[in-house]
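Heads up, the thing below is written out as structure tokens.
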Amino acid sequence: MPTHPTSRRRAARFGAAAVALMLAGGASLVASVSAATADAGPVYVTSIAPDENADTYTSWHRGSGGDSTYSLTVNGLKLLPGVQGTQIINGLSTRLDKAAFESLLAEGISWTSEGDQANFQIAILDGDGRFATIVPMAGVAEDTTNTVALDGDIQWAFTKNISGVPQWENHDLSYLLDKARTYTVIAYGVQANPGEFPTVSEIDWGTQETHFDAAPTAPVQVSTVEGTESDSTYDTWHLGSNPATSSFALTDAGLQLKPGTAGTQVIKGIYADKLDASQFEAVLDRGISWTATGGIANFQIAILADGKTFATIVPMAGVAEGTNVVGPAGVDTWAFSKPIAGIPAWEGHTLAEILAAAGDYKVIAFGVQANVGDTPTVTSITWGPQVYRFDTPATSTPEPTTPPTSTPEPTTPPTSTPEPTTPPTRPEPTTPPTSTPDPTDAPTDVPATSDGLEDFLGVDSLDDLKSVDAPLSPGEDATVIVDVDIDKKKAPEGSEFDAGIYSTRTEVPGTFTLEGGRVTVHIPAAVVDSLGAGTHTLVLSLSSDPSVNTAVRIEVQAAEITSAQLASTGVNPVVPGVIGALLMILGAGALVMRRRVRA
């Protein structure tokens, strides 16, 4: 019979809280009609309550305590379990009876996540009013959308013995619901086990879409494009090449590209906040597209391949007038503007192949380009959640007070636009600004001991550092969550940190990722035991540049002294008179023995 100890602990907490809330607040209304949800459009979750109580239960909240946590990011809800797993749930203000829930199932229940495995969970009261959670035991896939179905690939289990079905025993959902008889659904949500860090982007509960990723932002109306490229204009929209022979015009219809003899490009630099591979893939996931009329406009993405070699990625095939989408579902044949990693310039490959060859790349700019002979007008660019508009929003035209006069016919026909006499050329992309080069100095060495640690961290005293509340226990693995207050330009989301503990530096194995402004450090029991009781300093240093760092103070408890250990010293712990006599003889005044109580 399968076991699920993390879910067992979770269900106990969830069950006690849910039943207590039900009894304290009175029975909520139960839906006995169709569970069809009003399709009011997507709901974007912008906050999650950290605690479960009567006020937060019927909203999104953290359903398990302990050391678990979470983070709402632009990509979704990042689950950050400690040693006990974590869950985020939404209690129903109107609970669903059997018929209503089966109707909801017919409409569709699903959840979408990436990274590690995220599990769905359904909290019920069975026909006898007993609380249990229905959780997946097998068949959940990563990096995809999983569907809750009566008879599907996912196997489910009760977290408690229900109607003769043992807890944690695998079955189809239809079998468990049948055994629950006249059940009531009171909550639903997602859960992750220790060591799993999934990001949940969406939950569909019937026709209601709930999004945890960032809501679309209001379109940005581009009203200025700089005519020259410089350090001060690079991170704005600007003319990126050949200002002597090419130009542009911002009109009511959009951004018209006017290539001269060597093509033209208009780009927006993001050099100050350049994107690493994971951040750019998140933008790709949200969608990149552009719309142009009156000719072919090409998209371009400027990168530093392996973080240092400048090149532009440009489309080689598939571009048409109208709206074009970057990626497999749209324009997917691309090329480097110069040889990179053995791929010749202008050789067509899929975007995935191009990005893989770019290695540990950084994206520093994006924009549009036109070849000689084309004069397209770009109306909009979508870059992940952000839409840039170049056309002027339409305004209502007042009715004329007098009939408009007719426009005279031209006296001579317009001359045709001659075909170009030479093949279209592609302008060489511009390079990033020179006044903000990538650092060339070698990373600062981390100190081996506490000597000089204050200078390394930039503090007057280690005692000024923030302390972590929960002490570390000898013989046990520990998880320490550190809030990182570092300029995002130096340490953007996804940055990797090394960890060491002082006074004499003890390395914590592995690297640790900045997620949602926090770094979760997992410290093995062997490292905890090597530190000894007392106060220590945990230092996080950026793996690529240790001079970018932060630190907290941690406390390691003294090892618990057992009766056997006391007896081995010659003192019988059950004879308090001996201790009293020793105190009087030694004049110690008091001997305080602290024993940590284990739950």
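Within region 484-529, being within 24 Å of residue 450 (Cα to Cα) and acidic (Asp, Glu) holds for 485, 496, 498, 507, 529. When you look at residue 79, is it touching a strand residue (DSSP E or B) at 6+ places or on another chain (Cβ under 8 Å), under 24 Å from residue 144 (Cα atoms) and not polar (S, T, N, Q), yes or no? In short, yes. Would you confirm, using the coordinates I've provided, whether residue 577 is outside any helix (DSSP H, G or I), at pLDDT below 90 and surrounded by fewer than 16 Cβ atoms within 10 Å (Cβ to Cβ)? No; evaluated as a whole, the condition is false for this residue.
Picking from residues in region 246-262 that are of a type in the set (A, V, I, L, M, F, W, C) and assigned to a strand (DSSP E or B), the one that is modelled with the highest pLDDT is 255.
Table: residues versus (1) buried (at least 18 other Cβ atoms within 10 Å of the Cβ); (2) in contact with a Lys or Arg (Cβ under 8 Å, 6 or more places away or on another chain); (3) not hydrophobic (A, V, I, L, M, F, W, C).
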| position | (1), (2), (3) |
| --- | --- |
| 168 | yes, yes, no |
| 172 | no, no, yes |
| 191 | yes, yes, yes |
| 206 | yes, no, yes |
| 209 | no, no, yes |
| 230 | no, no, yes |
| 240 | yes, no, yes |
| 246 | yes, yes, yes |
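For residue 223, the conditions (1) modelled with pLDDT of 90 or more; (2) surrounded by 15 or more Cβ atoms within 10 Å (Cβ to Cβ); (3) assigned to a loop (DSSP other than H, G, I, E, B) are fulfilled apart from (2).
A search for C-beta distances below 8 Å between a residue of region 339-357 that is of a type in the set (Val, Ile, Thr) and any residue that is surrounded by fewer than 16 Cβ atoms within 10 Å (Cβ to Cβ), counting only pairs 6+ apart in sequence or on different chains, returns 350/328; 350/333.
Quick one: is residue 162 surrounded by 20 or more Cβ atoms within 10 Å (Cβ to Cβ) and either under 25 Å from residue 59 (Cα atoms) or under 24 Å from the mean Cα position of the chain (by Cα) (or both)? Considered against the rule, which asks whether it is surrounded by 20 or more Cβ atoms within 10 Å (Cβ to Cβ) and either under 25 Å from residue 59 (Cα atoms) or under 24 Å from the mean Cα position of the chain (by Cα) (or both), residue 162 comes out as no. Residue count for region 269-282 satisfying the condition of being in a strand (DSSP E or B) and out of contact with any helix residue (DSSP H, G or I) (no Cβ under 8 Å at 6 or more places or on another chain): 2.
Restricting attention to region 483-511, the residues being open to solvent by 20 Å² or more (accessible area, probe 1.4 Å) and closer than 20 Å to residue 469 by Cα number 4. Counting only strands (runs of 3 or more DSSP E) that sit wholly inside region 65-144, those with at least 3 residues that are crowded, with 20+ Cβ neighbours inside 10 Å and touching a Lys or Arg at 6+ places or on another chain (Cβ under 8 Å) are 86-97, 131-138. What about residue 456, is it within 30 Å of residue 231 (Cβ to Cβ) and either open to solvent by less than 70 Å² (accessible area, probe 1.4 Å) or at pLDDT 50 or above (or both)? Spelling it out, it is not the case that residue 456 is within 30 Å of residue 231 (Cβ to Cβ) and either open to solvent by less than 70 Å² (accessible area, probe 1.4 Å) or at pLDDT 50 or above (or both). Yes or no: residue 214 open to solvent by less than 40 Å² (accessible area, probe 1.4 Å), over 19 Å from the mean Cα position of the chain (by Cα), of a type in the set (Gly, Ala, Ser) and within 30 Å of residue 113 (Cβ to Cβ)? It is false that residue 214 is open to solvent by less than 40 Å² (accessible area, probe 1.4 Å), over 19 Å from the mean Cα position of the chain (by Cα), of a type in the set (Gly, Ala, Ser) and within 30 Å of residue 113 (Cβ to Cβ). Look through region 283-296, keep the residues that are part of a helix (DSSP H, G or I) and not aliphatic (A, V, I, L, M), and return whichever of them is most open to solvent (accessible area, probe 1.4 Å). In this case the residue turns out to be 285. Among the residues of region 447-504, the one identified as within 28 Å of residue 363 (Cα to Cα) and among the aromatic types (Phe, Trp, Tyr) is 497. Mind listing just one residue for me: the one in region 512-549 that is open to solvent by less than 30 Å² (accessible area, probe 1.4 Å) and among the hydroxyl-bearing types (Ser, Thr, Tyr) and, of those, nearest to the chain's Cα centre (by Cα)? Per the stated criteria, the residue is 520.
The values are calculated or read from the model by the stated rules, or taken from the named source; none is laboratory data. What you see is a predicted model; the values in this text were computed from it and never measured. Ideal geometry is used to build each Cβ from the backbone, glycine not excepted, and the neighbour counts take in all protein chains shown. Accessible surface areas use protein heavy atoms only, side chains included; no ligands, DNA or RNA. Shrake-Rupley method; radii C 1.70, N 1.55, O 1.52, S 1.80 Å.
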